[in-house]
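What follows is a set of notes on a single structure, which appears directly below.
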Amino acid sequence: MAVISPSSFDPVRRYVSVRLAQGVPLVDADWNESDDIRRFELRAFVRWFVGDGVPAGNDGFRVEAVAAPANKIDFRIKAGGDAAPLSAGRMFVDGLEAFILADTLFTAQPLHTSQPGAAALAARWGVPVIGAITAAATPLLIYLDVWERLVTPTEDATLILAGLGTESCSRLKREWAVRVRSAAGGFVVPKAGDADFLPGHSYAALARVDRSTVQEISAATLANARRTGLEMSSRRDLEQLIGDTFGTGYTTDGTGTRQLPYSIRDVLNGVLRDRPAVTASVTRFSGEPYNLPIGIAQGLANQLFWVHVNGPDRFLATGTVAADGTTTRPPDLFQFTGVLNVTSLAYQRLGSGIQRVFYTGQSGSSKLFSRRTDNSGVWQAPENSSSGADSDTGVSATLLANGSAQIAWIGISGGVPTQTIFTQNFPADGSAPGPIVAAGTVADTQARVVIVPGPQLIAFEQVGGNLQLETKTMNGGAWPGAWTPLATLPASAVRDLAAGFISPGRLWLTYALTAAGGTRLFGRTYEAGLLGEVRLIAPEATAPRYPNVVVAGGNASIFYQDGNALKQVSFVTQI
């Protein structure tokens, strides 16, 4: 059994070295203080000048979903490296470097409550067991717990000197465990005063899990929370960055005082407010027809949905585009039944977390249906919301301030000069929808309509040989009779229309027109009764279709189908 003198190291005393003197006994406290000084200075440097995270070229401690049904209580912790010491998976936490040599399941950790002997091991180490995950509609934070403990020859027989049969010096060993805590109060690691905070332990976030609607840990609900790509920048890197940003002649003086009267960000945002930038298109998914793509913002990521065609069958597919552009494609959510084809698609996540998908499909004639999840995230049977017209088409949906969804679509009937636009409200709690309301008429069977918060309707229709863009806003729970014209465009065939508010009172419109021998996507703003300039946002030589606007942080992402690819362009108003 190791007998070790109490630690004499105190960083406040500012000792930086232990100096051995002649005629002075060498005691264990001096030896240990010398090593503690070295450890403290290395840890302080890493903590303050490198920070928490994973080094560049490494992917240690990445959290990965496992297959159902285990994904409700388990996940995989990826090594992100190999077993070699210099290339093993690793992560810095509060200046401490933790290693992971092989992939492991959360529930396979020796301290996990499901493992035999976990309680006894936790008692020996003086730490709590790792609690099991319970299914609940609450977000989770997955985090890394790092600490150090003493190992003596009693535990590790290799610390016995074989030639002498006596024990050698004890060792300090760095341990880690991956734990999970509720993130109902925010995605933060334990801090002093919290019930799960332990003195001498350091914590860093690994992943966030959004279980507000689906009580599982999946690619769709997981979001990386690690800081990755850690490395020390050189003076040359800084000079290159300054030169590319400010041009030649600009230098830093080491004071940290701003040298410019205006930040470049403020100047760029001023320019973007007058003329927003449209980025080049980027392919997010490819290899199949991504019919009727729609999306919603999920924090810094975008969750997309589309109709997956597999022979005669149609499925609701989903995918996620993270902030860094990486994509995930989980299994399809459900099969559309009772329809031969899906002709329009809309999605909303209600204020209660319930998801609803709205679609029109050919079942004899084109009818309107919806499907919703229950509280556990399971999709329910289709509900018929058809208007009674000969054909329902072009459904769109928006989320209102009370957490309910409002949808709009066009009912087409033969033998009549006008077509009717209908709306319907779906309560946030998933209860029965409200009545179907006739919101207005259009005189064009090829008209397009979209609904945005307000609720407000925006429509395109042929009027007097020209295209007319028009709107109306619900007032006092009723739709006004007349449309308010927004703009008149030269005659052309409208293929698609989408819209979204990028800021209060500022609307971004995207529409597809057949012009110059093909289909082109255009975009423009609408603010204070004025339309901005027309911007070509998808100049593909093929036929871009089905644009959908996803708004986050004052900017808009437009997702659309282009042949066998799902593409994205961004409409940037601020950075």
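Read the figures in this text as sums done on the coordinates, not as results from a lab. These numbers come from a predicted model, not from an experiment. Positions of Cβ are backbone-derived with ideal geometry, glycine not excepted, and every protein chain shown enters the neighbour counts.
Data table
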item	result
Scaled radius of gyration (Cα, divided by 2.2 N^0.38 Å) that the chain gives	1.24
For the stretch 268-572: rounded, prolate or oblate by the Cα gyration tensor [a/c cutoff 1.5]	rounded
Extension reserve of the Val27-Arg13 stretch, reckoned as 0.36 nm per residue once the Cα distance is removed	3.1 nm
Loop-exposed trypsin sites (Lys or Arg not before Pro) per DSSP, neighbour cap 12 Cβ within 10 angstrom, longest uninterrupted part of the chain	259-575
With at most 12 other Cβ atoms within 10 Å, longest stretch of the chain clear of loop GluC sites (Glu not before Pro) (DSSP)	232-532
15 Å beta-carbon shell around Val24, net charge (K/R +1, D/E -1)	-2
Asp35 versus Leu20: modelled label distance in nm, points set 7 Å from Cα along the beta carbon direction	1.5
Cα centre as origin, Lys/Arg/Asp/Glu Cβ charges: the chain dipole, Debye	620
Modelled FRET efficiency - R0 30 Å, Ala68 with Val309, Cβ distances, 0.05 increments	0.80
Linear extension gain, Thr445 paired with Ala2, 0.36 nm per residue minus alpha-carbon span	150.7 nm
Tally of Lys pairs whose C-alpha atoms are under 28 Å apart, taken over the chain, 8 or more apart or cross-chain	5
The chain, helix-only ellipticity at 222 nm - DSSP H runs n ≥ 4, -39,500 (n - 2.57), divided by all residues, nearest 500	-3000 deg cm²/dmol
Sparse-neighbour loop sites [chymotrypsin sites (Phe, Trp or Tyr not before Pro); the stretch 193-286; at most 16 other C-beta within 10 Å; DSSP]	Phe197, Tyr250, Tyr262
Two-site label geometry, Ser503 and Ala381: point separation in nm, points 7 Å out along Cα→Cβ	4.9
Rough spin-label spacing in nm, given labels placed 7 Å along Cα→Cβ, for Ser263 and Ala192	3.1
Helix 235-246 axis, angle to the chain major axis (alpha carbon atoms, nearest 10°)	20
Efficiency of FRET from Cβ geometry, Ser365 and Thr252, R₀ 51 Å, rounded to 0.05	0.15
